[in-house]
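A quick write-up on the structure given underneath.
The values are calculated or read from the model by the stated rules, or taken from the named source; none is laboratory data. Every value quoted in this text rests on a predicted model; they were computed, and no experiment measured them. FYI the Cβ positions are ideal-geometry reconstructions off the backbone, even for glycines, and counts take in every protein chain you see.
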Amino acid sequence: MKMNIVSIPGDGIGPEIVAEAKKVLEAAASHYGHEISFTDVLMGGCSIDAYGEPLTQETIDACKAADAVLMGSIGGDTTTSPWYKLPPEKRPEAGLLGIRKALGLFANLRPAYLYPELAQACPLRPDIVKDGFDMVIVRELTGGLYFGPRSTREEGGQLVATDTLVYSEAEIRRVAIRAFDIARKRRKLVTSVDKANVLDSSRLWRKTVEEVAKDYPDVTLKHQLVDSCAMQLVQNPGQFDVVLTENMFGDILSDEASMIAGSLGMLSSASLNETKFGLYEPSGGSAPDIAGKGIANPIATILSAAMMLRYSFDLDREADAVEEAVRQVLADGIRTGDIMPADVDLSSIRRVGTAEMGSEIAARIK
Ligand code: NAD
């Protein structure tokens, strides 16, 4: 297969971690007989420095012409960087919102997986996570409360603010289809999360998800209220496979799920549209505090690249190989600084930098 990938290294640690994800993708491609072409484009702070704006039409056009986009992270130190003296629409993060909108990325995927080797970084009690957990949160990204009409007005001598939570059947259906398709590649369980005991939008959500489920008789559908889901995530996270939810609930629940999975340097993410196209990036930011030191953990970006193989190219075997290589590296005791274990015997642990971690993973692609 020929893969045409645009990469947005971005700012801070972005270029360092993207270089390692490319290294691993090249290794997987060469092992399995595929061809990859990478085109680098600017976005975020580096684009402001070069062109005076965080996202140019050239970058949007290049992304639209690609099969998939691999992104590092964008932004700088928000207190010291001159980028944050610019008006909000000219700052690095405006590029991020702009690219998601321009590419119609309505489904955000955030896996939360507990590696046995990193279990001590999980803040939950060992008896709760003894069997581990492996879930993907599928969050609707372009509708709901964050995009509905809003206003603040004066009424009877005080300010009154309104936000509106709007969802159409079409918006719910397309993200539900995504979640069921993903469940088919996993353990075939979708937990749809809503607040159907209170909200009309949630009742429409539930009805529409049930309609979509009819086309997936091999996938089990469960419904859960968002408050109950928030509790279950920390009480019994092993019960979840694919968690499907609307924008705001997903924003909160995906952060909760990330926390129980441990280090930010391990958390991948993908944003998809209706086609096979997707934008793949680590969940963390540009980490200006460690940028340029060669110590950032590239694993989140490498796991995001594995998701790219799985969801944009349907290369499940290759994606499995990358994920297995990551597991193997951890089992072999190789760690970047952020995932160094505390309070254990370090004689079997080898601390490495960004590039060495990428090389060790690439070398384990089988
Ligand atoms: P951050 O995620 O960049 O960093 C938080 C902490 O986690 C830091 O101590 C950092 O060193 C550490 N960290 C993050 N990724 C790591 C990795 N791969 N390996 C090792 N350690 C890692 O969050 P922040 O400091 O709040 O934000 C920094 C900048 O990133 C800001 O400009 C912010 O707006 C931006 N940001 C961008 C994105 C994105 O590009 N999608 C997401 C979040 C934040």
Only one of Ala196, Ala176, Ala213 is surrounded by fewer than 22 Cβ atoms within 10 Å (Cβ to Cβ), touching a helix residue (DSSP H, G or I) at 6+ places or on another chain (Cβ under 6 Å) and under 20 Å from Phe240 (Cα atoms), namely Ala196
Checked pairs for the range 285-301, first within 25 Å of Ala325 (Cα to Cα), second more than 8 Å from the ligand (Cβ to nearest atom) and part of a loop (DSSP other than H, G, I, E, B), C-beta under 7 Å and 6 or more apart or across chains, list as Gly294/Gly353; Ile295/Gly353; Ala300/Leu267
From the option list Glu93, Glu16, Glu20, single residue qualifying as within 28 Å of Val243 (Cβ to Cβ), touching a Gly at 6+ places or on another chain (Cβ under 7 Å), within 11 Å of the ligand (Cβ to nearest atom) and of a type in the set (D, E, K, R) is Glu93
Check on Leu159, of a type in the set (A, V, I, L, M, F, W, C) and in contact with a Cys (Cβ under 8 Å, 6 or more places away or on another chain): no
Picked from the range 248-286 (must be assigned to a loop (DSSP other than H, G, I, E, B) and near the ligand (Cβ under 8 Å from one of its atoms)), the residue nearest to Val226 (Cα to Cα) is Ser283
Check: Quick check, is Pro298 within 16 Å of the ligand (Cβ to nearest atom) and under 29 Å from Cys46 (Cα atoms)?
Finding: yes
Reported set for the range 309-363 where residues are more than 19 Å from the chain's Cα centre (by Cα), buried (at least 20 other Cβ atoms within 10 Å of the Cβ) and assigned to a loop (DSSP other than H, G, I, E, B) is Thr336
With criteria (1) away from the ligand (no atom under 16 Å from the Cβ); (2) under 22 Å from Glu117 (Cβ atoms), Leu244 comes up short on (2)
Taking the range 37-51 and the residues there that are touching a Lys or Arg at 6+ places or on another chain (Cβ under 8 Å) and not small (Gly, Ala, Ser), the one that is nearest to the ligand (Cβ to nearest atom) would be Ile48
Of (1) surrounded by fewer than 16 Cβ atoms within 10 Å (Cβ to Cβ); (2) away from the ligand (no atom under 14 Å from the Cβ); (3) at pLDDT below 95, Gln235 satisfies every one except (3)
The residue that is modelled with the lowest pLDDT, considering only those in the range 335-361 that are away from the ligand (no atom under 15 Å from the Cβ) and among the polar types (S, T, N, Q), is Ser347
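Report yes if Met71 is surrounded by 24 or more Cβ atoms within 10 Å (Cβ to Cβ) and closer than 28 Å to Glu318 by Cα, otherwise no.
Judged against the criteria, Met71 is a match.
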So, first residue part of a helix (DSSP H, G or I) in the range 71-91, second residue away from the ligand (no atom under 11 Å from the Cβ) and of a type outside the set (Lys, Arg), Cβ within less than 6 Å, six or more apart or across chains; the pairs are Trp83/Ile48
Checking Thr59, Thr79 in turn, the sole residue that is assigned by TED's automatic domain parsing to the domain that holds Ser283 and either among the small types (Gly, Ala, Ser) or surrounded by 15 or more Cβ atoms within 10 Å (Cβ to Cβ) (or both) turns out to be Thr59
Of the listed residues (Asp332, Asp289), the one being in the same structural domain as Phe106 (by TED's automatic domain parsing), among the acidic types (Asp, Glu) and more than 16 Å from the ligand (Cβ to nearest atom) is Asp332
Here the qualifying pairs (Cβ atoms under 6 Å; residues six or more apart or on different chains; first in the range 222-241 and of a type in the set (Lys, Arg); second surrounded by 14 or more Cβ atoms within 10 Å (Cβ to Cβ)) come out as Lys222/Thr191
